[in-house]
Amino acid sequence: MTKNTKVILAGSSIIVAILILLIAATPGASGTEIPLAQAVANPGQYEDRYINTEGFLVEESIDWRADEIELRFDIEDEDGNVLSVLHERVRPDNFSDGVIVLLGGYIQPDGIFYAETVQTRCPSVYEGEKPDEDYDPSVHQDVGNDD
């Protein structure tokens, strides 16, 4: 076997291995994003599929068992649809009332969502400040025009 043939075979093997790893990792990472109402109404439809959904945390439903590293809680949407969640990992930092919870995981036919990822987002952080009544836009027009 010549040196060029060995290099081509080794390079091809590496490329094939990388492609196999990418294909194997992609389905769990991408997931299907669905509204909370759809997850609650048809849990069996999403069995064995990685899905992403979000809702508002129901603070009185939080059950954190630190010894078992088990977090149970409910999320709800604006229409009152409620989804029960089980997360067997560390509790997020700002887990309190008024927080939007982003979930990634699997919903079981019994309706419980087994979350692999739980992220929180505070809605007020993403809202822009309203300008004062005395706001004068001409003040900002001259910024950067030091001609």
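The values are calculated or read from the model by the stated rules, or taken from the named source; none is laboratory data. Keep in mind that what you see is a predicted model, and the values were worked out from it rather than measured. A quick note on method: Cβ atoms are made from the backbone with ideal geometry, for glycine too, and the neighbour counts reach across all protein chains shown.
Taking region 1-41 as the range and being outside any helix (DSSP H, G or I) and either loosely packed, with under 10 Cβ neighbours inside 10 Å or modelled with pLDDT under 85 (or both) as the test, the residues that pass are M1, T2, G31, T32. Within region 90-147, the set of residues being modelled with pLDDT of 85 or more and of a type in the set (A, V, I, L, M) comprises V90, V99, I100, V101, L102, L103, I107, I112, A115, V118.
Look at region 94-122: where a residue is within 14 Å of N52 (Cβ to Cβ) and outside any strand (DSSP E or B), no partner that is at pLDDT below 90 and among the hydrophobic types (A, V, I, L, M, F, W, C) sits 6+ places away or on another chain with Cβ atoms under 8 Å.
Every residue in region 77-93 that is in a strand (DSSP E or B) and farther than 17 Å from F56 by Cβ, please. Hit for region 77-93 is L86, nothing else.
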